[in-house]
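Laboratory data are not the source of any read-out in this text; all were calculated from the coordinates shown. Every value quoted in this text rests on a predicted model; they were computed, and no experiment measured them. Glycine also receives a Cβ, built like all others from the backbone with ideal geometry; neighbour counts cover every protein chain displayed.
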Amino acid sequence: MKKYFTIVAFLITSICCQSQSPEQNLKSLGIILPQPNNPIANYVNYVRTGNLIYLSGSGPDKAYEGVIKGKLGKDVTIEEGKEAARHTGINLIASLKNAVGDLNKVKRIVKVFGMVNCTETFTDQPKVINGFSDLMVEIFGEKGKHARSAVGMIALPMNLAVEIEMIVEVEN
C-alpha cells in the first residue's frame, strides 16, 4: 500500500510541476536551498563555458544535519542512499542557482555522473541515483530528464555515501 501511495504522490507532483517554474516547484516541495558548499580542495563549484555549466562533484550534506556517510551494501540501505542522492541534488541545485541566478534559465539537465560508495558486491547503484534523477524531474519537469551514469566506487572523499556531478545547458 505504501508503494502505491508513493507512486500516486510522485505522479501528482510530476503533473503539478510541469506547469510551474523551478522556483515554485522547490517552494511547493518545501525545499529551501542551502548556501553552496565551499570546495574542499583546489577547484571551483562550477565552470561555465558558452551555454553549458559543469558542476563539480557534490555530496549529501544535509543542511544543519551533517554529511550522509557510509557504504551501500554494508552500513547504508538503498532508501538511505536514495535520500543521500536527493540531498546531493538539492546541493547541486543551490550551486546551479548561484551560477545562473534564476533557475528559469535552465534549458536542460544534460548529463549526470553518479558515484555510489559501495561494497564490491553491491549492484543497485541506479536505484540509489534515482533519488537524484527523480528530484531533477520534480523540479525541472521535462527539462530535468537527463543522460546518466550510475557507478560504484570502492571509496569516496570523507566516506560520502554518494557524489554526483552534472552538466546543465542554460540560456544566454
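If both residues of a DSSP beta bridge must be in segment 82-172, then about 55% of such bridges are antiparallel. Near LYS107, the amide H atoms lying under 5 Å from its own belong to GLU169, VAL170, GLU171; only residues 5 or more places off or on other chains count, and H is placed 1.01 Å from N. Per-residue 3J(HN,Hα) values for segment 86-94, derived from phi via the Karplus relation 6.51 cos²θ - 1.76 cosθ + 1.60 with θ = phi - 60°, read 4, 5, 4, x, 4, 5, 5, 4, 4 Hz in sequence order (x marks Gly and Pro).
When the dipole is taken about the Cα centre of segment 2-170, and only Lys, Arg (+1) and Asp, Glu (-1) are charged at their Cβ, what size is it in debye, to the nearest 20?
Here the size comes out at about 300 debye.
Computed over the chain, the per-residue total of -39500 (n - 2.57) for DSSP H runs of n ≥ 4 gives a 222 nm mean residue ellipticity of -12000 deg cm²/dmol, rounded to 500.
Our summary gives the chain a relative contact order of 33 percent, counting only alpha carbon pairs under 8 angstrom and 6 or more residues apart.
One quarter of the surface of the convex hull around the alpha-carbon atoms of the chain equals 10.0 nm², the direction-averaged projected area. Return the percentage of antiparallel bridges among DSSP beta bridges fully within the chain, rounded to the nearest 5 %. Percent antiparallel among DSSP bridges in the chain is about 70.
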